[in-house]
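To start, the structure itself, in structure tokens.
Rule-based calculations on the coordinates, nothing more; no lab input. Remember, predicted model here, so these are calculated numbers, not experimental data. Here the Cβ positions follow ideal geometry from the backbone for every residue, glycine too, while neighbour counts run over all protein chains shown.
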């Protein structure tokens with residue numbers, strides 16, 4: 001309960017109601033996750049007309065920047081240095097959007113999705129380079145398997161957050177020992193039955209990362225599009241990841257919000273929906289939630305789902321009231 005606008009979990013030192021109790025368990029660190037961000041195609045065209053290629057991020061940017069760590073999935077390449085692999089559904093955003101993402105407070109970008117490879121290997125490698133050169137940490141793709149499975153690590157006030165990301169949808173090539181691509185797990189509904197070897201390699205990476213950081217985050221690109229219901233394999237994989245040491249499993253790709261599960265200090269969010277996209281053909285593809293977490297040290301103290309709606313200018317805006325309740329009911 002806020003008192004005088006002060007949240008006791010986000011600003012405990014300023015909270016006006018006090019009582020004797022144990023010492024707080026470390027610094028307060030806020031972490032925000034957003035959904036799929038696609039800054040190409042009609043989004044890029046509309047933004048370019050305004051002279052600001054990152055315009056869709058400007059409205060919600062201050063909210064993202066409030067967090068100590070902000071994470072989204074970049075659903076495109078930043079280069080056209082190759083042949084389009086998916087025709088009109090090949091996504092490439094102007095490289096200058098990296099600066100806009102950074103100004104919006106984004107720290108980590110998942111590149112493990114089915115569009116990072118839309119313009120072939122050279123464009124994928126250029127995208128990874130541009131993200132890193134722009135001051136953001138890419139995760140989930142690279143010049144080979146070792147780079148794609150390499151975690152991004154962010155430290156805030158002595159608390160270390162480690163990130164892994166994988167693509168289960170296909171289309172972007174699988175990273176191998178000698179070739180570029182995304183860290184991949186073959187699983188339903190798009191890339192076959194659940195591959196035990198892929199899952200074992202991923203859980204091993206999770207366990208290794210758990211020994212080096214305080215909070216382990218896995219960012220899957222998975223599931224069936226245009227449904228609020230996760231496929232059973234998502235639950236199977238999420239369970240394996242949390243048993244291996246993952247604290248947060250935050251998914252994307254369905255373009256609709258899906259359920260969020262909380263258990264024993266862990267969070268599994270199957271899909272947060274689109275954050276920026278030009279999928280204006282349905283109400284659900286223009287809706288999403290921010291997942292806003294508050295940690296005290298390495299202990300999760302609060303999780304908030306903040307609904308938003310993408311406007312005709314492709315900009316997401318936080319909503320309240322009936323529309324917010326409707327979006328949250330789809331998650332429940």
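Descriptive notes on the structure:
- Any hit, segment 87-102, residues being in a loop (DSSP other than H, G, I, E, B), crowded, with 24+ Cβ neighbours inside 10 Å, touching a residue at least 12 places away in the same chain (Cβ under 8 Å) and touching a helix residue (DSSP H, G or I) at 6+ places or on another chain (Cβ under 7 Å): yes
- Candidates are the residues of segment 62-84 that are outside any strand (DSSP E or B) and in contact with a helix residue (DSSP H, G or I) (Cβ under 7 Å, 6 or more places away or on another chain); the one that is surrounded by the fewest Cβ atoms within 10 Å (Cβ to Cβ) is 83.
- Pick from segment 15-37, criterion touching a helix residue (DSSP H, G or I) at 6+ places or on another chain (Cβ under 9 Å) and closer than 17 Å to residue 253 by Cβ, ranking: surrounded by the fewest Cβ atoms within 10 Å (Cβ to Cβ): 37
- Count of segment 155-168 residues which are surrounded by fewer than 22 Cβ atoms within 10 Å (Cβ to Cβ) and touching a strand residue (DSSP E or B) at 6+ places or on another chain (Cβ under 8 Å): 4
- Qualifying position, being part of a loop (DSSP other than H, G, I, E, B) and touching a strand residue (DSSP E or B) at 6+ places or on another chain (Cβ under 9 Å), among 227, 191, 178: 191
- Number of the exception - residue 208 against (1) outside any loop (DSSP other than H, G, I, E, B); (2) touching a strand residue (DSSP E or B) at 6+ places or on another chain (Cβ under 8 Å); (3) farther than 17 Å from residue 172 by Cβ: (2)
- Condition check for residue 266: touching a residue at least 60 places away in the same chain (Cβ under 8 Å) and either within 30 Å of residue 48 (Cβ to Cβ) or in contact with a strand residue (DSSP E or B) (Cβ under 8 Å, 6 or more places away or on another chain) (or both): no
- Among the residues of segment 236-248, at least one is at positive phi and either surrounded by 19 or more Cβ atoms within 10 Å (Cβ to Cβ) or touching a strand residue (DSSP E or B) at 6+ places or on another chain (Cβ under 8 Å) (or both).
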